[in-house]
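Down below is the structure, laid out as structure tokens.
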Amino acid sequence: MKAVRSMVLVSSDAESIALGANEVFSAFQQKIQDYGLSDEISISFISDIGHNSAAPLVIIYPEAVIYGPVKPDDVLDIVEEHLDKGHIVERKLVPAHELSEHLAWLSSRKGTLPAENRIVLKNVGLIDPENIEDYIALDGYQALGTVLGKTPAETIGIIKDSGLRGRGGAGFPTGLKWSFVAKTHIDKKYVVCNADESEPGTFKDRLVLEGDPHAIIEAMAIAAYAVGADEGYVYIRGEYGLAIERMKVAIKQAREYGLLGKNIFSSKFSFDLHVHAGAGAYICGEETALIESIEGKRGEPRSRPPYPTTFGLWGKPTLVNNVETLANIPAIIRNGADWYRSIGTPSSPGTKVYTILGNVNVTGLIEVPMGITLREVITIYAKGMKGGTFKMAQTGGSSGSIIPANLQDTPMDFDSFKTASVSLGSGALLICNQEICVVDLAKVLLNFFRFESCGKCNPCRIGCQKSFEILSNIAEGIGTLQDLEDLQMMADQLYELSNCGLGQTAGSPLKDILTYFHAEVESHIRLKVCPADTCPMSGKTIYQVGQEVKITREQGA
Amino acid sequence: MPTIKSLDDLTRIREEVLKKQELITTSGKTEIIVGMGTVGRATGTQEILTAILSYIEEHNLGNVIVRQTGDMGLDSFEPVIQVILPGKERVTYGKLNPEIVKSILSNHVIGGKIIEEFKVER
Ligand SMILES: Cc1cc2nc3c(=O)[nH]c(=O)nc-3n(C[C@H](O)[C@H](O)[C@H](O)COP(=O)(O)O)c2cc1C
């Protein structure tokens, strides 16, 4: 396995190029080779990292140090001292006052990478999930005990102050959602944990459910106290047999210890939990479809408003939160809002759990502070690309955004991603190298959506099916330019007209592909060539003779 | 079964558990922790666990405690186990099969020598 140990990035904005970035780049290539480090160190250009007056810049990971301005003559020192011997070359560092925005943020973390910071997964992989005492030994249920000594309003205040935002995909402020439910004056309310986790490529919630189920029970009890609920449901994806089993064991133990049931901690607060297993439909992760499903109806989304916070399960005010969101709650109560805000970025405090898959050397799962970049994740945690160079990534599972190479350095937090018009979603990171064809990827995604569309609203039901057919045609080499226009229209209309998030987000990877990889899609249509050599192109026999591409298939046949 | 009626109760139980756990660590017992989440199971931790238990039985290792836990997020390396010798750092091993596990038990658990080849750096 070729695992990259360090990464060298050379800035490549117009100013840097004018000041010799290309020469610096080649000097690095040469010296790295001279020192026999080519296998361990990757080198690439980095674009669009914000303004600075020390161009060209050289950024080296995992230490996250920034050198600048770097001249070809400086390269020998940096390679010898830093990359070979591991000493930072102090005199070439960029003065801190030269840095702003993203660069400043990067520089402020100098030496702190790689920094896995486990809040959500703190106990996972350490404790025995089937033993409540293991959880109690690590401060378990202390937050619940503390909260019962406060008022519900105080509790919601802490969550609001912490800045916690929903990890189920949309990033809605959690404290605000709690206050909506708390505000309603109705005697019966519910708390629901969304553990449907049906987004392909996401398995973060499963780890928590399997590895630390009591954290969810404690968090749900805290939430119930804060919003005034006395009953809760954990809606677990049906395929998660082990998670369902362990959650049931945990609930039983919590009842035996008096941590669920009547008058918890001798207070007036009573709360009990049910486990509800899903039946494998993606749509049941959508909160209103999930509620319908618990009620025993077809899993179809409701029209909103009214929102679940006022009219949810059995028509009562209902709080729906994701597993990862909830797993943050006990730690926030124990350590305080300020502590939580000290992690991550101002707009998105805390950590995020990412599941990494695709063409990288190490797949799996990490929990890191919000605001880390995709490039950092790939190089530091996933130990570099496997079998080629970075082409794109899909964040957030099937409904997520496609991130092209030039957005690799965008900090991964809700607001930075929103500014870049992409979404963070559930935290799945599918990393693709140049061998992945965008048309093929889109086809696979739309195939998923056309099966998972619940069929209630026409734009989604028909739009997903039609888009899939068009993509199949393009992949077969029989797509037309009209198809391309239709596809664009479909992507827009899926987003604008669908009733719920399923159809709305089905169009988003499509839209991204048409924006960032238009030429590649067009080449399937105009040239009948799949640049990644993946699509069947049943026309076959395409010869590459020198630079010439001979096409033995009639245009538009 | 103790019922927890107050924060004091909770603290008391917590301390009891911690004491129990400390007894384990100071009594010179070795801990072996097996990752038994879905990925672990799918890649065969059940067999690993069986191999560990039968090795312990065969060799009469009285001072070893075997525990289970959830997935550790190391999917590329499953099946994964961790070994903690008394007073030593936690060592994580990955990509195991029953044969390798036996050699970990004889070299590391009994012999005290870490097998670098299968160690997973976190
Ligand atoms: C099609 C679709 C699928 C969804 N699947 C999930 C899911 O599997 N898990 C989840 O937590 N949220 C899912 N959501 C988001 C939920 O509707 C809801 O926003 C979330 O549970 C709110 O929790 P949070 O505020 O803690 O993020 C899905 C949404 C849509 C539209």
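General observations
- Residues A:THR534 and A:LYS71, FRET efficiency given R0 of 30 Å [Cβ-Cβ distance, rounded to 0.05]: 0.10
- Length available on full extension from A:PHE45 to A:ARG461: 0.36 nm per residue minus the Cα-Cα distance, which gives 145.5 nm.
- In this Cβ point-charge picture (+1 for Lys and Arg, -1 for Asp and Glu), the protein assembly as shown has a dipole of about 1520 debye about its Cα centre.
- Extension gain, A:THR389 to A:ALA153: 0.36 nm times the residue separation minus the Cα-Cα distance gives 79.8 nm.
- Accessible surface of the stretch A:132-338, 1.4 Å probe, proportion on carbon and sulfur as whole %: 52
- Drop in accessible area of at least 50 Å² in the complex versus isolated chain, residues of the stretch B:48-79, 1.4 Å probe: B:GLN68, B:THR69, B:ASP71, B:GLY73, B:ASP75, B:SER76
- Cα-projected label distance for B:GLU16 with A:ASN22, points at 7 Å along beta-carbon direction, nm: 7.5
- Kirkwood hydrodynamic radius over Cα pairs of chain A, then Stokes diffusion coefficient at 10 °C and 1.306 mPa s, in µm²/s: 62
- Within the protein assembly as shown, the cysteines lacking any other cysteine Cβ closer than 4.7 Å to their own Cβ are A:CYS193, A:CYS284, A:CYS432, A:CYS437, A:CYS454, A:CYS457, A:CYS460, A:CYS464, A:CYS500.
- Distance-filtered residues of the stretch B:90-122 - backbone nitrogen under 12 Å, label point 7 angstrom along B:SER27 Cα→Cβ: none
- A viscosity of 0.692 mPa s and a temperature of 37 °C, combined with the Kirkwood radius over C-alpha pairs in the Stokes-Einstein formula, give the stretch A:132-338 a diffusion coefficient of 196 µm²/s.
- Rounded to the nearest 10 degrees, the inclination of helix B:45-58 to the longest alpha-carbon principal axis of chain B is 90 degrees.
- Partner lysines for A:LYS150 [C-alpha distance under 22 Å; skip if fewer than 8 residues away on the same chain]: A:LYS160, A:LYS177, A:LYS183, A:LYS188, A:LYS189, A:LYS262, A:LYS268, B:LYS5
- Options A:PHE390, A:ILE366, A:ILE136, ranked by Cα towards positive dipole end of chain A, top entry (Cβ charges): A:ILE136
- Residue-averaged beta-carbon neighbours from other chains (10 angstrom radius) around A:134-144: 4
- Mean partner shielding of peptide A:204-216, defined as the number of other chain Cβ atoms within 10 Å of each residue Cβ, is 3.
- Separation of the A:ASP486 and A:LYS297 label points, Cα + 7 Å toward Cβ, nm: 3.5
- Each label point was placed 7 Å from the Cα along the Cα-to-Cβ direction; for B:GLN46 and A:ARG91 their separation is 6.5 nm.
- Mean Cβ count within 10 Å, highest first, over the residues of peptides B:30-39, A:514-523, A:83-92, A:154-163: B:30-39, A:154-163, A:514-523, A:83-92
- The angle between the Cα long axis of helix A:438-452 and the longest principal axis of the Cα atoms of chain A comes to about 20 degrees, rounded to the nearest 10.
- Separation of the stretch A:426-469 and the stretch A:324-389, taken as the distance between their Cα centroids, equals 26 angstrom.
- By the rule of a C-alpha distance below 16 Å, with chain neighbours fewer than 8 residues away ignored, the aspartates and glutamates paired with A:LYS391 are A:GLU376, A:ASP409, A:GLU435, A:ASP440, A:ASP512, A:GLU520, A:ASP533.
- Chains B and A, summed buried accessible surface - 1.4 Å probe, Å², nearest 100: 2800
- Protein heavy-atom surface of chain B, 1.4 angstrom probe: 51% of the accessible area is carbon and sulfur, with nucleic acids and ligands not counted.
- Using a probe of 1.4 angstrom and keeping all protein chains present, the accessible surface of the protein assembly as shown works out to 41 square angstrom per residue.
- Furthest towards positive pole of dipole, A:LEU407, A:ALA226, A:SER6, structure part chain A, Cβ charges: A:ALA226
- Counting only other chain Cβ atoms within 10 Å of each residue's Cβ, the peptide B:7-19 averages 5.
- Cα-centre dipole for the stretch A:349-433 with unit charges at Cβ (Lys and Arg positive, Asp and Glu negative), debye to 20: 260
- Here the stretch A:122-163 is scanned for amide nitrogen atoms under 20 Å from the site 7 Å beyond the Cα of A:HIS185 along Cα-to-Cβ, giving A:152-154.
The values are calculated or read from the model by the stated rules, or taken from the named source; none is laboratory data. Not measured: the values here are computed from a predicted model. Cβ: placed from backbone, ideal geometry, glycine included. Neighbour counts: every protein chain shown. Protein only, heavy atoms only, side chains kept; ligands, DNA and RNA dropped before computing areas. Shrake-Rupley method; radii C 1.70, N 1.55, O 1.52, S 1.80 Å.
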